[in-house]
Amino acid sequence: MGTPEVEVRRSKQRRRTIAARLEGNRVIVMVPSSLSKAQEKLEVERIVKRLLSRTERAKRSTDADLMRRAKQLSDTYLGGLAKPDSVRWVSNQRSRWGSCTPGERTIRLSDRLHDMPRWVVDYVLVHELAHLIESGHTDEFWAWVSNYPHAEKAKGYLEGFSAGARLDAGDDGDAEDDGEDGDDDRG
Ligand SMILES: [Zn+2]
């Protein structure tokens with residue numbers, strides 16, 4: 001979210017408590033009119049910051065959301081054949097978007113994907129899920145991935161993003177067990 005507009009409403013009815021709520025991209029803050037201007041400024045800043053961080057957190061999907069989404073995607077595009085044991089967000093994956101350990105059926109997604117469009121996150125999920133069916137980047141693997149309609153667009157998006165961020169664009173997720181790197185993700 002960008003910086004929202006803040007509207008302060010002073011109220012004689014309010015005694016000590018200050019309250020804030022989000023209306024579209026605007027934050028409405030109700031303050032007791034007894035507050036001094038200096039106090040008001042301080043209190044408004046504090047409550048707006050708290051409200052926004054809470055809103056940001058709520059928007060972010062949890063590991064449980066991710067697992068649910070993975071199941072949906074597997075059912076829709078991979079014939080339900082990809083059955084992960086765990087799917088979770090990780091913050092220590094700086095050079096890869098996602099990774100999969102087929103032997104343990106675990107999938108990890110970099111939390112750098114958090115703020116990306118949904119269809120891009122879905123692509124990385126489908127990519128990693130497909131590794132549960134076919135661990136290498138084989139023709140069969142890409143055939144599964146291409147069932148996802150936005151696969152090519154999402155690959156382009158991530159490559160563009162990586163190029164912009166000077167990250168390695170070739171590592172948008174690869175299976176760890178098969179010993180091969182994600183190099184041929186480019187092709
Ligand atoms: Zn891969």
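We did not get these values from a lab; they are worked out from the coordinates using the rules stated. The model shown is predicted, which means the values in this text are computed figures rather than measured ones. For neighbour counting, all protein chains shown are included, and Cβ atoms are generated from backbone atoms with ideal geometry for every residue, glycine included.
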Response to the item:
With Cα coordinates, the longest principal axis of the chain makes an angle with the long axis of helix 37-59, in degrees rounded to 10, of 20
Fill in: Expected-Rg normalisation [2.2 N^0.38 Å, Cα atoms] applied to region 1-56
1.08
Worksheet item: Using Cα atoms only, what is the angle between the long axis of helix 63-77 and the major principal axis of the chain, expressed in degrees (0 to 90) to the nearest 10?
Response: 40
Fill in: Rounded to 10°, Cα long-axis angle of helix 118-133 versus longest principal axis of the chain
30
Worksheet item: Which one of D75, D111, D139 has the biggest mean-square fluctuation once the chain is modelled by GNM with Cα springs under 10 Å?
Response: D139
Item to complete: Could you tell me which trypsin sites (Lys or Arg not before Pro) in region 83-155 are loop residues by DSSP with no more than 13 other beta carbons within 10 angstrom of their beta carbon?
Response: R94
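In deg cm²/dmol and to the nearest 500, what is the mean residue ellipticity at 222 nm of the chain if only DSSP H runs of at least 4 residues count, each as -39500 (n - 2.57), divided by the residue total?
Mean residue ellipticity, 222 nm, calculated: -13000 deg cm²/dmol.
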Response to the item:
Taking only the alpha-carbon positions of region 98-138 as identical scatterers, the Debye log10 I(q)/I(0) at q = 0.20, 0.25, 0.26, 0.28 Å⁻¹ comes out as -0.58, -0.81, -0.85, -0.93
Fill in: Principal axis box of the chain, alpha-carbon based, largest edge first, Å
70, 33, 27
Worksheet entry | Exposure proxy order (Cβ contacts within 10 Å, fewest to most) of R68, R15 | R15, R68
